[in-house]
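The structure appears below as structure tokens.
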Amino acid sequence: MAFWNRKKTDPTPATSVDPTQAAATPSEAADTSANANTAAKKSGGWLAGLRKTAQWLNTDIRDLWKSEGELVDDDFLQKLFAILVRSDMGGDMARTIRDRIGRDYRARKGHFEEMLTVISEEIRSSLEQTGTAIKMAETGPTVILVVGVNGSGKTTSIAKLAYRFHAQGKRVLLGAGDTFRAAAVEQLKIWSDRIGCDIVTAASGADPASVVFQTVAKAVADQYDVCILDTAGRLQTQGHLMQQLDKIRRVITKHVADAPHEVLLVLDATAGQNAISQAKGFSQAAGCTGIVLSKLDGSAKGGVIVPIRQQFNLPVKLVGLGEQLGDMAEFDPDSFTKGLFGEE
Ligand SMILES: Nc1nc2c(ncn2[C@@H]2O[C@H](COP(=O)(O)OP(=O)(O)O)[C@@H](O)[C@H]2O)c(=O)[nH]1
Ligand SMILES: [Mg+2]
């Protein structure tokens, strides 16, 4: 078991910073305004990710309507559904919109603009959510467990979260609980060096529950503000993995009775339905409290957030917008819907 305690007074060696990671310089890590600027700039990138979905609304859907309005009958509703169901917003949303338009407009002539309002209302209400802020402990360290399939962006999201807390002046301790892959431990160690926060690691192959145990114990004993725990995304079997997550939760609760305060499920916005189904296993086994939707920058079809909200019934707390430390933003359903419909 090894601890890396970086005392506040220790200078962070500038040489440890990868020159390709310009946004991750230690001086920027300490500068909250730079952090906020990056996030603001990036939310533009996130809205840009909606372009394909927005375009689709304005072409395929618009084409269904004649300028003088279109009679809403079974034939029309079928055509509308066929287009809606092909979008990245998913079958449930397609059905909801078709049924609402059928209910409100059947046997009448409906105009494109009216329909667009209906579509926007339905999307907005499907995304409505409460409790998007990260829940913090009232006393003692806030413990955040991060779960998700391999490659979804767990380790990167942990680094971004740690960077945010660190920039707020909080003392952050990371726990490298993905001991299944040696590279995963090393990856988190590199991020912790770059951010200037502490980390608990063990050799690869060690029992992840014991790493978690050590990390949370240290967070309590040394009065850290936040403790973020990485986990494996894959083991020999799915059953093993779920058992392990269960054990990890029990170990955490032994130290801090009301912890973990958050169990964040990291989902890759560019992944297909298969990855989403896999992630459902995590959400059930780990008792997830919120979603981090990573790689929204790489997904031209930002509409995927709609089926994700519907299928998981968990708030999307944060979105990942790139590979750098500052590339994370809070998810705001309102600006999302506005971005989709080109409203200001
Ligand atoms: N473009 C982009 N890439 C990301 C984002 N989050 C993670 N990645 C990349 O996705 C890959 C897998 O991420 P990693 O954090 O190692 O996933 P893990 O296996 O779940 O821990 C890495 O190459 C990351 O740089 C994001 O928000 N945007
Ligand atoms: Mg990882």
Given H placed on each backbone N at 1.01 Å, which residues far from T179 in sequence or on other chains put an amide H within less than 5 Å of it?
A232
Whole-Hz couplings from phi, Karplus 6.51/-1.76/1.60, listed for the range 141-155; x for Gly and Pro:
x, 7, 10, 10, 9, 10, 10, x, 5, 4, x, 6, x, 4, 4
Filter K160/K317; K218/K254; K160/K247; K135/K317; K154/K218 down to the pairs with a C-alpha to C-alpha distance above 18 Å, please.
K160/K247; K154/K218
Fully extended contour minus Cα-Cα distance, from Q78 to K254, at 0.36 nm per residue
57.8 nm
Counting other C-beta atoms within 10 Å, and keeping those with at most 15, which DSSP coil chymotrypsin sites (Phe, Trp or Tyr not before Pro) do you find in the range 189-292?
none
Scalar couplings 3J(HN,Hα) for the range 79-88 by Karplus 6.51 cos²θ - 1.76 cosθ + 1.60 (θ = phi - 60°), nearest whole Hz, x for Gly and Pro, are 5, 4, 4, 4, 6, 4, 6, 7, 7, 6
Gyration tensor (alpha-carbon) shape descriptor, the range 159-312, a/c threshold 1.5
prolate
List residues of the range 123-159, by number, whose backbone nitrogen lies under 15 Å from a label position 7 Å along Cα→C-beta of Q238.
148-150
Can you give the alpha-carbon Rg of the range 44-180 over 2.2 N^0.38 Å, where N counts its residues?
1.54
Under the Karplus curve 6.51 cos²θ - 1.76 cosθ + 1.60, θ = phi - 60°, whole-Hz ³J(HN,Hα) for the range 162-170, x wherever Gly or Pro sits:
4, 4, 4, 5, 4, 5, 7, x, 8
Suppose every Lys and Arg Cβ carries +1 and every Asp and Glu Cβ carries -1, with no other charges. What dipole size does the range 222-344 come out with about its Cα centre, to the nearest 20 debye?
740
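No value in this document is a laboratory result; all are computed from the given coordinates. Keep in mind the model is a prediction, meaning the values are calculated, not measured. Don't worry about glycine lacking a Cβ; one is built from the backbone with ideal geometry, like all the others, and counts go over all protein chains shown.
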